[in-house]
Amino acid sequence: MEIIPSILTDDPADFREKIKKLELLVMRIAIDVADGTLTSSATVSGYAELNSIQTDLNIDAHLMVRNPAAILVEWLKTKAGRFFIHSESDADSGRLIDDIHSAGKKIGLVLNPETPIEKIEVFLNRIDLVQFMAVNPGFDGGHFVESVVEKIRNFHDNYPDMPIVVDGSVNPDTIPKLIAAGASEFVVGSYIWQSQDIGQAIKKLQNV
């Protein structure tokens, strides 16, 4: 089980500050990138800020954008090693899978709570992970969608070898049921950043 803190911000200074706070606490983080069209919020570009700093963290890029191909060229120049592309975007998923793998990086497809698994089934033998959103994406602190637990369980039953990532409203109350359903990686935002001690918050999740 892996806890992956996420950074979602529209402030470059806040981006750098959060990177520094996490460097001694975890090995991997997720950078949330939103364009204000696929989701209701917009963030920093992510790739520019990442290229302006030095970090040993492993980086996931969660591209919550309408046209991920438009920024993928810049992202592939960064040290990000895994990319998460929304099935709800306008992406040519097959082409992006090839481009990302050709760069020696990994790709996961993302499903919003209302998006059926069938939308990505044709790509399951070509991708590395599947990420389930447990909230409607775009901002920290969204409401947990309970039906996602059964959705994950059904997917895990049918595809037991596919790694499952969950993003959204992950906390000590929700993580046990997500683990039981088959998830093994957990992207966490508001629970960590709203805590008084982010290190202890991360440990509490890991201890679950």
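Consider residue 7 carefully, then state whether it is at pLDDT 90 or above, among the β-branched types (Val, Ile, Thr), under 17 Å from residue 188 (Cα atoms) and surrounded by 22 or more Cβ atoms within 10 Å (Cβ to Cβ). Give the steps one after another, and end with the answer.
Details: at pLDDT 90 or above: yes; among the β-branched types (Val, Ile, Thr): yes; under 17 Å from residue 188 (Cα atoms): yes; surrounded by 22 or more Cβ atoms within 10 Å (Cβ to Cβ): yes.
Yes: the conditions hold for residue 7.
With the requirement that a residue be among the hydrophobic types (A, V, I, L, M, F, W, C), farther than 19 Å from residue 159 by Cβ and buried (at least 21 other Cβ atoms within 10 Å of the Cβ), what does segment 97-142 give you? Outline the logic, then answer.
Looking only at segment 97-142, we keep the residues that are among the hydrophobic types (A, V, I, L, M, F, W, C), and these are 97, 100, 103, 107, 109-111, 117, 120, 122-124, 127, 129-130, 132-135, 139.
Retained after the next criterion (residues that are farther than 19 Å from residue 159 by Cβ): 100, 103, 135, 139.
Those that are among the hydrophobic types (A, V, I, L, M, F, W, C), farther than 19 Å from residue 159 by Cβ and buried (at least 21 other Cβ atoms within 10 Å of the Cβ): 100, 135.
Give just the number: which of (1) touching a Lys or Arg at 6+ places or on another chain (Cβ under 7 Å); (2) within 21 Å of residue 63 (Cβ to Cβ); (3) without any contact (Cβ under 8 Å) to a residue 40 or more places away in the chain does residue 126 not satisfy?
With respect to (1) touching a Lys or Arg at 6+ places or on another chain (Cβ under 7 Å); (2) within 21 Å of residue 63 (Cβ to Cβ); (3) without any contact (Cβ under 8 Å) to a residue 40 or more places away in the chain, residue 126 is out only on (1).
Only one residue in 31, 53 is in a loop (DSSP other than H, G, I, E, B), in contact (Cβ under 8 Å) with a residue 12 or more places away in the chain and not small (Gly, Ala, Ser). Which one?
On the way: 31 fails: in a loop (DSSP other than H, G, I, E, B).
Only one candidate qualifies: 53.
Does any residue of segment 69-85 turn out to be in contact with a Pro (Cβ under 6 Å, 6 or more places away or on another chain), in contact (Cβ under 8 Å) with a residue 12 or more places away in the chain and over 21 Å from residue 12 (Cα atoms)?
As a first pass, look at segment 69-85 and keep what is in contact with a Pro (Cβ under 6 Å, 6 or more places away or on another chain): 85.
From what is left, the residues that are in contact (Cβ under 8 Å) with a residue 12 or more places away in the chain are 85.
Subsequent filtering for residues that are over 21 Å from residue 12 (Cα atoms) retains 85.
Within segment 69-85 (the criterion being in contact with a Pro (Cβ under 6 Å, 6 or more places away or on another chain), in contact (Cβ under 8 Å) with a residue 12 or more places away in the chain and over 21 Å from residue 12 (Cα atoms)), the answer is yes, since at least one residue qualifies.
Is it the case, given these coordinates, that residue 44 is of a type in the set (A, V, I, L, M), out of contact with any Lys or Arg (no Cβ under 6 Å at 6 or more places or on another chain), touching a residue at least 24 places away in the same chain (Cβ under 8 Å) and assigned to a loop (DSSP other than H, G, I, E, B)? Write out each step before concluding.
Working: of a type in the set (A, V, I, L, M): yes; out of contact with any Lys or Arg (no Cβ under 6 Å at 6 or more places or on another chain): yes; touching a residue at least 24 places away in the same chain (Cβ under 8 Å): yes; assigned to a loop (DSSP other than H, G, I, E, B): yes.
For residue 44, the condition - of a type in the set (A, V, I, L, M), out of contact with any Lys or Arg (no Cβ under 6 Å at 6 or more places or on another chain), touching a residue at least 24 places away in the same chain (Cβ under 8 Å) and assigned to a loop (DSSP other than H, G, I, E, B) - is met.
The values are calculated or read from the model by the stated rules, or taken from the named source; none is laboratory data. Since the model is a prediction, treat every value here as computed from it, not as a measurement. Heads up, the Cβs are rebuilt from the backbone with ideal geometry, glycines too, and the neighbour counts pull from every protein chain shown.
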